[in-house]
Each structure stands twice: as structure tokens, then as C-alpha cells.
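A short write-up of the structure that comes next.
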Amino acid sequence: MYLIRVEGDKMSKDLDTLLREKRIFKPSSDVVKSSNIHKWMEKHEINDYDELLQKALDNPDWFWDELAGELEWFKQYKKTKKWNPPYAEWFLDGKFNIVYNALDKHAKGPEKDKLAYIWEGESGEVRELTYLDLYREVNRFANVLKKLGVRKGDTVSIYLPMILELPIAMLACAKIGAVHSVVFSGFWAKAFQERINDAKSKVAITVDGFRRRGKLIELKENVDNILDKTPTIEKLIVVRHEGLNINMQEGKDIWWHEAITEMETECKTEEMDSEDPLFILYTSGTTGKPKGVVHVHGGYAVGIYTTLKFVFDLKEDDVWWCAADIGWVTGHSYIVYGPLLLGVTSILYEGTPDYPDPGRLWKMIENYGVTVFYTAPTTIRMFMKFGEKWPQKYNLDSLRLLGTVGEPINPEAWIWYHQHIGGGRCPVMDTWWQTETGMHIITPLPISELKPGSAVKPFPTVEADVLDDAGKSITGGGGHLVIKSTWPSMFRTLYKDPERYVESYWSRFPNIYLSGDVARRDDEGYFWIQGREDDVLNVAGHRISTAEVESAIVSHKSVAEAAVVGKPHDIKGEEICAFVILKEGSGSTEDFEDIIKYHVRKEIGPIASPAHVKIVKDLPKTRSGKIMRRVIKAKVKGEPVGDTSTLANPEAVEYL
Ligand code: WTA
């Protein structure tokens, strides 16, 4: 990787410098020539990146047919896609199961003894599973689910930390045609309760407990507190991970390890329709109610297989580490399904990246010879703060490619990552995508010239654009980031909320996908993502809606009203600031700051707990009573509040 051009001014720490970043890095010819995409282009007589993008845009069905052909179909599909915006169907009339391709195929092939996962616990304990081991474990657990009456189309709710039983449970569901709904283990059990009730699961899965930063989290005990509010649950399967002495409810709770003992290691893989649902994953939108994003077997598999193969260039001998949590889409696509579809070895790490010291990740990269590493900008910024002495202690020569996801990366963090982790030789794939897109949408390929801070260009066949308010395509200025085409791993709907699917994503510009992000495209067609345009926060790469946090706060009995806004933060990108009006006679306001933080922690989880809580007498409102978040945001950022003439109570600005 070498610098080929520098123009303009040098950088400061500010994200605004994204607008002025002018450095360009070119991958070395070794990187280019050995890449999967280069070989594929040679096969199809495509000469360069631009030609690839043009050819794919002109012939999207050709592109996806080629890649879908690398997977195995029980019955060949008849039609590549039906695109009747906003509704897409892909690989119509095909019979397929993602698990057949991710697992069954490998367990029967020469790669059966290859490691699928190397798991490392926070305390340093290691567990390894070959493809054959994983296949057997998945089959045994799939037989447990069947025995408990789980059938094709049923939804199973899963609340597990980063342990091997999590991918095993997901794959077991998919194998028998059940739909999994995984709830991030960092959420409080109430989120699990709401998602179980939304999906009406009969069976749920959790763990006795796990450790974060050495601290024990007793998940089963938390789940016990909500189970009386989940009437559909008949059985709760509990993984014994920490060996805790927990209460097991007779007739309802089942130990995972006991349930699998008598099970066969073979289980039939259900032949699914390409369009049958694979999973629901809830994500934050602009209202307090999370959206259940639905993905399907066929298109989703083809999309993530292709992106992982071409963007992260994975090959047979790679050791891949996507250091995300499986509870988010990044983990679903690129820890569980993607790497297994490609048959590579992945690292699964249970714990916190800087525990017990800031050398943890780098030590693991050295120990396991990790070749491709994928993490979030917030993690990189945290390690920048710890200093390069930590990565310098370890040999990171095995790395050949790096990636980031989740939020905009500031050029300074990009350069640090490239230099101190990638040794100046590893291209950095800044991948922009969302729970809804399922796969990378705007991303470099290893053959692309890179500009630090830019997610480069749309993946082949994807037609992304930046529109002004009137819907006109613009270059240079910031605008709405949209997608005008369909892609195979596009979400198909919002679970039980088809109207919201249309209204949230496809109505602002009719039949064009509205991402909710603001972006800028420069005159070379590079995309620079600037962040959310709606009331969704991005805290350390986690999507959190202000409305969700507000409704958690007002659920406290002493709270009358609340307004939540994001405040820029050096490491986390944004942090949560809450302004709260208490009910009359609630007592000392000082105590309330901590009480509210704790309350949100319990209602949603630590990631949503506000960094700052301020008790105020009033909030700025319009005459119709709507809280003026714009004014609060400006105040928090220290910017001019602008016109307050439409406020019913301009004096409220002073309280903030
Ligand atoms: C943000 C995570 C800038 C963006 C895969 C998006 C990014 C939201 C990037 C989706 C990136 C993700 N550069 N911003 N490379 N990747 N985002 O659904 O705001 O958890 O809309 O999916 O993260 O978050 P989600």
C-alpha cells in the first residue's frame, strides 16, 4: 500500500476534515494480482475497477447469477430476480438452505477437519471446532429443537453472549427452517421479553452467565425476571457456561448439555424456498419501537458470500477475525454465515478488546496468525489513545487486509490503523452497510485506490446516489444517501409491520431506498458517509434511537418528560445526553442523575445509558408542544441555536 497523491491541507482531528482529505493510497500489485476479484475479472476479461463497476451496473443479473452458481441449490432457481419496488424477490423458485452451503457441504468435503471456529474466552480458555465438529453439534441441537416441537417457520429467540453455542443455535434453527431472532446479550432482559412477545416464540435460549471485563453477568437470573411476561414460551434452554448454581424451573427450563446428550449427530436439512425467512434482527428506527428486519435464505446467502469473497478477499488458508458481536448484523453476516459459506477459519472472542490489557487483540492476532481483521472505528480510536506501544509488542506480520464498519472513520484513525496495525501494507476496507442491507453496499475492493475516510464506491451492481431534498442527484455537497437498485441480501420487510417498511424506507423518494444517512460524493465518485440524518444515534458503532432512550427514561415513575440528543465524542463518535423534567415533588435532583442512568441501563442496556443527565425545569417546545431537538442539539454542541421565534417557551433554552 503506498501513497500516490497528497493535495490540500494536512489534517486535524476534526471529522470535518473528511471534506478536505486528499490523500490517495494505491494497493501494491501483489495485493491486486493475488486478489479474488482480480482473478474473477481476468476470467471475465474485465480490465479495471471502473470497467467492473460499469459492466456490473449494466448486467446485474449476469453478475449475481455467476456468484449464485458457486453455491449449491437443491433445485435450480428459474428467475434471478423480480424487482417490483419496494418489493424484491431473488432466485425465484429455487430450493436452497444456507446451512447446507455453510456446513453440510464442508462436513462432507475434504475440508471437514479444518477449523471452523477458534473460540477464546475472556479468561484465555480456548475451544476449537472443526467443520465436522460444528456440523455434529448443529445437528444434535437441531434435533433438540425438533423434539421440543419447533417446526419450519417457527421463531426461536436467542439471548446468548459470544460463545460457540450462539452460532450453533442459529445454524440449528436455519437448518430445520426455523427463524432465529437473536437479542444482543448486552441488552437488558426486557429487550428479550419484548422481542419474544413480538415473535411469539415457544422456545428461547439463554446462558447461566458470562463475564465482561471479569465481571459476572448472571443472564439466566435476569431472564427469570421476565419469563412470567412471555406467555408463549414453553421451554427455555440454558447453556452452562460459567457453572453457576442457578434456579432451574421444573418442566420449563432445560440444560443444553443434557438435552443434546441422547441426540443423533445427523439431522435433515430442510429444503427451503429461496425467499423463506432466515432470521429477524431488531434494529433502532426513529420511533421507540425497534424494527424487526427480515432476511431470507437465498439472496442473503449469495450477497454475503460474494461480498466477503470480493471485499475481504478470503481464501482457503485465511484466518478471519471479525471482532464484532454476533448480536448485531455484522456478526450475523460476517462471523456466522459469511465465513462458513466460504469455508474459512474464524476467530470468535468472548470478551472485551482491552481486557486484561490493551494488548489483548494484538496478542490474539499474533497467536492465531490472523490474516484479515475487521473492527469498528471506535475500537481503533480507543487503541490510538492507548498508544502504539501495545501493538508494537506483538508480531502482526500475518495480517494482509483490514476492515472497518459501523460509523464514519476519521482519516487520522484510518492512517493510524493502516500504519500501526497494518504495517503500512494492508489496504483498509471501510465498508458502509446496515442491518437492512445485510451485506456491504458502499465499499472498496482490494484493487481500489483508497482515500482515508471514504467508503469508496458502491459494490458491483449497486446503484447508490446522493440526493438533495428535491430528489436531484448531487456531487460535492451533503445529501440523502439512497440506493436505487435492489441487491440480493436486501431485507424483504419489517416483521409484522409492512406499512412501516414502505413508510420508513421507500416513501421519502418513491421507490428509492432511503438509508437515513447523510453522505457526500466527490468528483471522482467516492462516497464520504457523514452520519445519520434522523434521530438515530451512533454510539460506539451501535445504533440507538433517541426515542427509545426517551421512552425508557419516561417510564421512570418520577419523570415527566425527557429529550435525548447526541454529543460528539472523540472515541465513541457520539455520546448520549439526556435532559429530564421531573414530576413535582420528586425530591433532590442530584440523586436523579444517577437514578436515570441506572434506570436506562435496566430498561435497555449499558450501551444506551446516557453519559450525561441534566435535570431541567423546561424543554424548548414549539407552540404545538413538540420538543425542538434541533435547538437542544445546537446547545449541546456549543453551536448557535438559531431562530427560536417559533418556540412557545424561548426561556427554556437557558435551562439547558
Ligand atoms: C453507520 C452496521 C460510516 C451508518 C453494519 C449506518 C457507517 C449504520 C459505516 C448502520 C461506515 C455503518 N461508515 N457509517 N463504514 N458502516 N455505518 O444497522 O450510520 O447496526 O446507517 O449496521 O451504521 O448500523 P447497523
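Going through segment 403-449 one residue at a time, which ones are among the charged types (D, E, K, R), more than 20 Å from the chain's Cα centre (by Cα) and not in a loop (DSSP other than H, G, I, E, B)?
So in segment 403-449, the residues among the charged types (D, E, K, R) come out as 407, 412, 425, 430, 436, 449.
With the extra rule that they be more than 20 Å from the chain's Cα centre (by Cα), the set shrinks to 412, 425, 449.
Matches in segment 403-449: Glu412 only.
Of all residues in segment 79-104, exactly one satisfies the criterion of being basic (Lys, Arg) and open to solvent by less than 50 Å² (accessible area, probe 1.4 Å), namely Lys81. Within segment 517-527, does at least one residue satisfy the condition of being open to solvent by 30 Å² or more (accessible area, probe 1.4 Å), under 30 Å from Leu582 (Cβ atoms) and either assigned by TED's automatic domain parsing to the domain that holds Val616 or within 12 Å of the ligand (Cβ to nearest atom) (or both)? Within segment 517-527, none of the residues are open to solvent by 30 Å² or more (accessible area, probe 1.4 Å), under 30 Å from Leu582 (Cβ atoms) and either assigned by TED's automatic domain parsing to the domain that holds Val616 or within 12 Å of the ligand (Cβ to nearest atom) (or both).
Among the residues of segment 113-135, those identified as in contact with a strand residue (DSSP E or B) (Cβ under 8 Å, 6 or more places away or on another chain) and surrounded by fewer than 17 Cβ atoms within 10 Å (Cβ to Cβ) are Asp113, Lys114, Ser123, Val126, Arg127, Glu128. Which residue out of Thr287, Thr283 is among the polar types (S, T, N, Q), touching a Lys or Arg at 6+ places or on another chain (Cβ under 7 Å) and in contact (Cβ under 8 Å) with a residue 40 or more places away in the chain? Every option except Thr283 fails the conditions.
Across segment 119-137, the number of residues qualifying as more than 21 Å from Glu266 (Cβ to Cβ) and touching a Leu at 6+ places or on another chain (Cβ under 7 Å) comes to 3. Restricting attention to segment 502-515, report how many residues are in contact (Cβ under 8 Å) with a residue 60 or more places away in the chain and within 15 Å of the ligand (Cβ to nearest atom). The total comes to 4.
Tally time: how many residues in segment 577-597 are part of a helix (DSSP H, G or I) and under 16 Å from Ile544 (Cβ atoms)? Steps first, please.
Of the residues in segment 577-597, the ones part of a helix (DSSP H, G or I) are 589-597.
When the remaining residues are screened for being under 16 Å from Ile544 (Cβ atoms), the result is 596-597.
Of the residues in segment 577-597, 2 are part of a helix (DSSP H, G or I) and under 16 Å from Ile544 (Cβ atoms).
Evaluated against (1) away from the ligand (no atom under 16 Å from the Cβ); (2) out of contact with any helix residue (DSSP H, G or I) (no Cβ under 9 Å at 6 or more places or on another chain); (3) open to solvent by 30 Å² or more (accessible area, probe 1.4 Å), Val372 falls short on exactly one condition, (3). Listed by first and then second residue, the pairs with beta-carbon distance under 7 Å, at least 6 apart or on different chains, first residue in segment 353-375 and without any contact (Cβ under 8 Å) to a residue 24 or more places away in the chain, second open to solvent by 10 Å² or more (accessible area, probe 1.4 Å), are Arg360/Pro353; Arg360/Asp354. Any idea which residue in segment 416-450 is least open to solvent (accessible area, probe 1.4 Å), counting only those that are among the charged types (D, E, K, R) and more than 13 Å from the ligand (Cβ to nearest atom)? Selected residue: Glu449. Residues in segment 255-280 that are free of Cβ contacts under 8 Å to residues at least 60 places away in the same chain and open to solvent by less than 50 Å² (accessible area, probe 1.4 Å): Trp255 alone. Report yes if Ser588 is under 26 Å from Val223 (Cβ atoms) and modelled with pLDDT under 90, otherwise no. For Ser588, the condition - under 26 Å from Val223 (Cβ atoms) and modelled with pLDDT under 90 - is not met.
Here's a check for you: in segment 136-177, which residue that is among the polar types (S, T, N, Q) and open to solvent by 10 Å² or more (accessible area, probe 1.4 Å) is farthest from Ile260 (Cα to Cα)? Spell out the reasoning first.
Filtering segment 136-177 for residues among the polar types (S, T, N, Q) gives 139, 143, 155, 157.
Narrowing further to those that are open to solvent by 10 Å² or more (accessible area, probe 1.4 Å): 143, 155.
Working: Asn143: 8, Thr155: 20 Å.
Among them, the one singled out is Thr155.
How many of the residues in segment 200-216 are open to solvent by less than 50 Å² (accessible area, probe 1.4 Å) and at pLDDT below 95? Walk me through it before giving the result.
Restricting attention to segment 200-216, the residues satisfying the condition of being open to solvent by less than 50 Å² (accessible area, probe 1.4 Å) are 201, 203-210, 214.
Checking which are at pLDDT below 95 leaves us with 214.
Selection size over segment 200-216: 1.
Across segment 577-616, the qualifying residues are those that are of a type in the set (S, T, N, Q) and touching a residue at least 12 places away in the same chain (Cβ under 8 Å), and the one among them that is surrounded by the fewest Cβ atoms within 10 Å (Cβ to Cβ) is Thr589. Taking the criterion of being closer than 20 Å to Lys572 by Cβ and away from the ligand (no atom under 16 Å from the Cβ), the residues of segment 385-414 that qualify are Lys385, Phe386, Gly387, Trp390. Scanning segment 496-539 for residues that are under 20 Å from Thr287 (Cβ atoms), part of a loop (DSSP other than H, G, I, E, B) and modelled with pLDDT under 95 turns up Glu533, Asp534, Asp535.
Just checking, does segment 482-505 include any residue being touching a helix residue (DSSP H, G or I) at 6+ places or on another chain (Cβ under 6 Å) and closer than 30 Å to Tyr598 by Cα? No, the conditions are met nowhere in segment 482-505.
When Phe373 is tested against (1) over 16 Å from Asp325 (Cβ atoms); (2) out of contact with any Ser or Thr (no Cβ under 9 Å at 6 or more places or on another chain); (3) not hydroxyl-bearing (Ser, Thr, Tyr), only condition (1) is not met. Does segment 535-549 contain at least one residue that is more than 11 Å from the ligand (Cβ to nearest atom), over 23 Å from the mean Cα position of the chain (by Cα) and not β-branched (Val, Ile, Thr)? So far as segment 535-549 goes, no, none of its residues is more than 11 Å from the ligand (Cβ to nearest atom), over 23 Å from the mean Cα position of the chain (by Cα) and not β-branched (Val, Ile, Thr). Among the criteria (1) modelled with pLDDT of 95 or more; (2) within 16 Å of the ligand (Cβ to nearest atom); (3) of a type in the set (Ser, Thr, Tyr), the one Thr269 does not fulfil is (2). Scanning segment 540-576 for residues that are surrounded by fewer than 20 Cβ atoms within 10 Å (Cβ to Cβ), in a loop (DSSP other than H, G, I, E, B) and touching an Asp or Glu at 6+ places or on another chain (Cβ under 9 Å) gives a single hit, Ser555.
The values are calculated or read from the model by the stated rules, or taken from the named source; none is laboratory data. Please read these numbers as outputs of a predicted model, since none were measured by experiment. Backbone-built Cβ (ideal geometry, glycine too); neighbour counts: all protein chains shown. Only protein heavy atoms, including side chains, enter the accessible area calculation; ligands, DNA and RNA are left aside. Shrake-Rupley method; radii C 1.70, N 1.55, O 1.52, S 1.80 Å.
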